[in-house]
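S.K.: My structure is below; once you've seen it, I'll send some questions.
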Amino acid sequence: MSCGELERLFLAGAPEQMSRAHRQECVSCASLGSDLESAERILSGLRPPAAPKGLIAVLKGIPSRTVNCEAADLLAAAEVEGELSPPDQERLAFHRSRCEACAEAAGILRTSRELASPAPAPWVMGRLAATRPEKKKRSSFWSLVASPKGAIALAYAAAVVVMFSGFNPADLARKAGVARLEETAKTSAESAGRTLGDRIGAFEEEAVRRLAVWKGVATGYGRAAITRAIQLVMKTETQPPPRPGKSGEEKGMLNKDEIQDVARLTPPQEELKDNG
Amino acid sequence: MNGTEEKALVERCRRGEDEAWRELVDRFGQRIYSVAYHFTLKREDAEELAQEIFLKIFENLHRYDGGFPLVAWIVSLSRNLCIDRYRRSKREKSFRFVSDDAVAPLLTSHDDPAAETLQKERTKLLFSALAEIPEDLAEILVLRDLDGISYEEIGKALALPDGTVKSRLFRARAEVARRIRERRESSGGTFATIAAVAGAFV
């Protein structure tokens with residue numbers, strides 16, 4: 001055992017004489033000091049083992065056996081193109097046998113070249129085929145109908161025929177909405193009719209819904225009537241002949257009838273004078 | 001060679017200059033082989049380990065940024081390889097039962113055969129004791145006392161403060177010294193006979 005002073009002196013870098021002085025005074029450290037001197041004598045008597053000359057030659061030849069990771073990247077790129085010389089192939093293979101990262105990178109590169117081509121979606125080929133330029137323009141009636149403009153014209157024509165026949169598509173939608181409201185109200189009333197409170201609530205709710213339904217019906221019929229009236233007016237109304245406009249001199253002047261009216265309402269000049 | 005020169009040398013090696021690589025091997029080859037031998041105590045294993053270390057150096061040249069002394073960077077890079085080999089050698093009892101052949105390359109030549117014998121026995125004892133202390137202590141003792149790597153370089157290689165390096169080194173020496181003494185005491189007869197024959201300083 002030691003009192004620790006020898007270690008403290010060593011860590012502090014104290015001169016050897018101080019350690020010796022302490023060892024003479026401290027019995028526990030005297031033993032440790034003796035052991036240390038003995039080990040030191042053994043250590044100081046050793047020499048480094050001489051490296052074999054063959055080994056040094058082998059070490060100097062390392063660049064011809066392998067590559068570093070940076071060079072491996074470049075060689076890997078050349079390898080993909082099949083442009084690697086046999087010696088470089090060997091160096092690369094040796095490096096990959098020792099470097100997991102480069103070996104993995106090579107594996108991924110190889111995998112990327114072996115991936116299958118994805119099959120196109122069914123509609124892709126048709127769409128691609130449709131992008132071909134037309135060889136000649138179609139000019140027949142049916143080609144005109146098949147074109148987008150022809151389709152729009154046909155749709156307009158069909159709408160006009162339907163309107164002139166008195167059939168209003170909006171009525172169908174309206175009736176369907178009314179039927180849906182009635183059905184909802186009926187279902188709510190049935191499901192809520194279990195207790196008295198529920199029945200009263202359901203009655204109230206049904207009344208409100210029926211009112212809403214009637215209101216919707218009335219409004220729908222009202223709107224339908226108005227729409228129909230407007231259509232009739234637009235159908236039957238004839239444009240009145242344009243009224244001749246007044247010339248600049250005529251503006252502000254009265255016609256004969258107006259003059260007679262004014263004369264009738266205006267008292268004679270004599271009466272005005274007499275009255276002062 | 002200062003840090004700038006070392007970085008320039010590594011940069012030349014990285015660019016693929018064969019001459020630069022040969023210079024690097026000339027400068028560090030012997031030293032790295034010595035480290036390898038101290039961690040294996042077998043010539044074949046040491047050669048293999050030294051090759052592994054230099055391969056690793058070559059493959060990692062682009063990682064050297066000049067922030068470390070080159071020897072510290074090399075030690076840091078090869079540390080795991082050395083420790084792995086050291087553990088294998090201990091499992092194979094290369095350290096617990098050190099052979100004459102294992103220590104022969106480490107002995108200085110003597111005119112006196114008896115002195116040579118004594119040094120051989122003591123060296124075997126040293127490595128046996130070394131195998132008994134914790135790895136982190138043995139590692140520092142090998143690097144400092146057997147391979148002559150400075151405190152600063154060891155500190156940088158092992159990422160330890162100087163104080164910790166010195167503290168571990170002191171404990172390693174004390175542990176090894178104590179074990180050497182205990183072994184010598186337990187086999188005192190044999191050792192005393194050798195010492196008497198050698199007429200040496202035991």
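The values are calculated or read from the model by the stated rules, or taken from the named source; none is laboratory data. All values reported here derive from a predicted model rather than from experimental measurement. Cβ placement follows ideal geometry from the backbone for every residue including glycine, while neighbour counts extend to all protein chains displayed.
S.K.: Which residue pairs have Cβ atoms closer than 9 Å, lie 6 or more positions apart in sequence or on different chains, and pair a first residue in segment A:95-120 that is over 16 Å from A:Cys69 (Cα atoms) with a second residue that is exposed (fewer than 11 other Cβ atoms within 10 Å of the Cβ)?
M.R.: A:Pro120/A:Leu128
S.K.: Still on this model: Are any of the residues in segment A:16-39 of a type in the set (Gly, Ala, Ser), closer than 30 Å to B:Ala46 by Cα and either surrounded by 13 or more Cβ atoms within 10 Å (Cβ to Cβ) or in contact with a Lys or Arg (Cβ under 6 Å, 6 or more places away or on another chain) (or both)?
M.R.: So far as segment A:16-39 goes, yes, one or more of its residues are of a type in the set (Gly, Ala, Ser), closer than 30 Å to B:Ala46 by Cα and either surrounded by 13 or more Cβ atoms within 10 Å (Cβ to Cβ) or in contact with a Lys or Arg (Cβ under 6 Å, 6 or more places away or on another chain) (or both).
S.K.: Using the structure shown, decide if B:Leu55 is surrounded by 18 or more Cβ atoms within 10 Å (Cβ to Cβ), closer than 21 Å to A:Asn68 by Cβ and not aromatic (Phe, Trp, Tyr). First the steps, then the outcome.
M.R.: Values: surrounded by 18 or more Cβ atoms within 10 Å (Cβ to Cβ): yes; closer than 21 Å to A:Asn68 by Cβ: yes; not aromatic (Phe, Trp, Tyr): yes.
When the stated conditions are applied, B:Leu55 passes them.
S.K.: Follow-up. For B:Ala102, are the conditions met, namely being over 21 Å from A:Ala51 (Cα atoms) and touching a residue at least 40 places away in the same chain (Cβ under 8 Å)? Explain how you work it out, then say what you get.
M.R.: Numbers: over 21 Å from A:Ala51 (Cα atoms): no; touching a residue at least 40 places away in the same chain (Cβ under 8 Å): yes.
In short, no.
S.K.: If you don't mind, another one. Looking for whichever is in a helix (DSSP H, G or I), at pLDDT 90 or above and touching a Leu at 6+ places or on another chain (Cβ under 6 Å) here; the options are B:Ala72, B:Ala36. Which one fits?
M.R.: Numbers: B:Ala72 fails: touching a Leu at 6+ places or on another chain (Cβ under 6 Å).
When all the criteria are applied, what remains is B:Ala36.
S.K.: Looking at segment B:21-47, which of its residues are facing chain A (nearest Cβ under 10 Å) and free of Cβ contacts under 8 Å to residues at least 40 places away in the same chain? Give the steps one after another, and end with the answer.
M.R.: Residues of segment B:21-47 that are facing chain A (nearest Cβ under 10 Å), as a first pass: B:21-26, B:28-38, B:41, B:43, B:46-47.
Of everything in segment B:21-47, those that are facing chain A (nearest Cβ under 10 Å) and free of Cβ contacts under 8 Å to residues at least 40 places away in the same chain turn out to be B:Trp21, B:Arg22, B:Glu23, B:Leu24, B:Val25, B:Asp26, B:Gly29, B:Gln30, B:Tyr33, B:Ala46, B:Glu47.
S.K.: Just checking, which of B:Leu118, B:Leu107, B:Leu81, B:Leu70 is buried (at least 21 other Cβ atoms within 10 Å of the Cβ) and within 18 Å of the chain's Cα centre (by Cα)? Let's see the steps before the verdict.
M.R.: Numbers: B:Leu118 fails: within 18 Å of the chain's Cα centre (by Cα); B:Leu107 fails: buried (at least 21 other Cβ atoms within 10 Å of the Cβ); B:Leu81 fails: buried (at least 21 other Cβ atoms within 10 Å of the Cβ).
Result: B:Leu70 is the single residue among B:Leu118, B:Leu107, B:Leu81, B:Leu70 that is buried (at least 21 other Cβ atoms within 10 Å of the Cβ) and within 18 Å of the chain's Cα centre (by Cα).
S.K.: Take the residues in segment B:75-115 that are of a type in the set (Ser, Thr, Tyr) and outside any helix (DSSP H, G or I); name whichever of them is modelled with the highest pLDDT. So that I can check it myself, show each step before the final result.
M.R.: Within segment B:75-115, the first condition is being of a type in the set (Ser, Thr, Tyr), and the residues that meet it are B:76, B:78, B:86, B:89, B:94, B:99, B:108-109.
The next check asks that each one be outside any helix (DSSP H, G or I); those that pass are B:94, B:99, B:108-109.
Details: B:Ser94: 73, B:Ser99: 88, B:Thr108: 84, B:Ser109: 77.
Filtering segment B:75-115 for residues that are of a type in the set (Ser, Thr, Tyr) and outside any helix (DSSP H, G or I), the one modelled with the highest pLDDT comes out as B:Ser99.
S.K.: Would you confirm whether any residue within segment B:71-92 is touching a helix residue (DSSP H, G or I) at 6+ places or on another chain (Cβ under 7 Å), within 24 Å of A:Asn68 (Cα to Cα), facing chain A (nearest Cβ under 10 Å) and not hydrophobic (A, V, I, L, M, F, W, C)?
M.R.: Looking through segment B:71-92, none of the residues is touching a helix residue (DSSP H, G or I) at 6+ places or on another chain (Cβ under 7 Å), within 24 Å of A:Asn68 (Cα to Cα), facing chain A (nearest Cβ under 10 Å) and not hydrophobic (A, V, I, L, M, F, W, C).
S.K.: Considering segment A:80-91 alone, what residues qualify as being part of a helix (DSSP H, G or I) and over 23 Å from A:Gly61 (Cβ atoms)? Quick ask: steps written out before the conclusion?
M.R.: Kept after step one, since they are part of a helix (DSSP H, G or I), are these residues of segment A:80-91: A:80, A:86-91.
Across segment A:80-91, the qualifying residue is only A:Val80.
S.K.: Quick one: which helices (runs of 4 or more DSSP H) sit completely within segment A:1-63 and have at least 2 residues that are of a type in the set (A, V, I, L, M) and at the interface with another protein chain (Cβ under 10 Å from one of its Cβ atoms)? If you could, list the steps in order and put the result at the bottom.
M.R.: Numbers: elements: A:5-11, A:16-25, A:27-44, A:53-60.
Those helices (runs of 4 or more DSSP H) span A:5-11, A:27-44, A:53-60.
S.K.: Among the residues of segment B:48-69, write down those that are assigned to a helix (DSSP H, G or I) and either of a type in the set (D, E, K, R) or away from every other protein chain (no Cβ under 14 Å) (or both).
M.R.: Those that are assigned to a helix (DSSP H, G or I) and either of a type in the set (D, E, K, R) or away from every other protein chain (no Cβ under 14 Å) (or both): B:Glu48, B:Glu52, B:Lys56, B:Glu59, B:Arg63.
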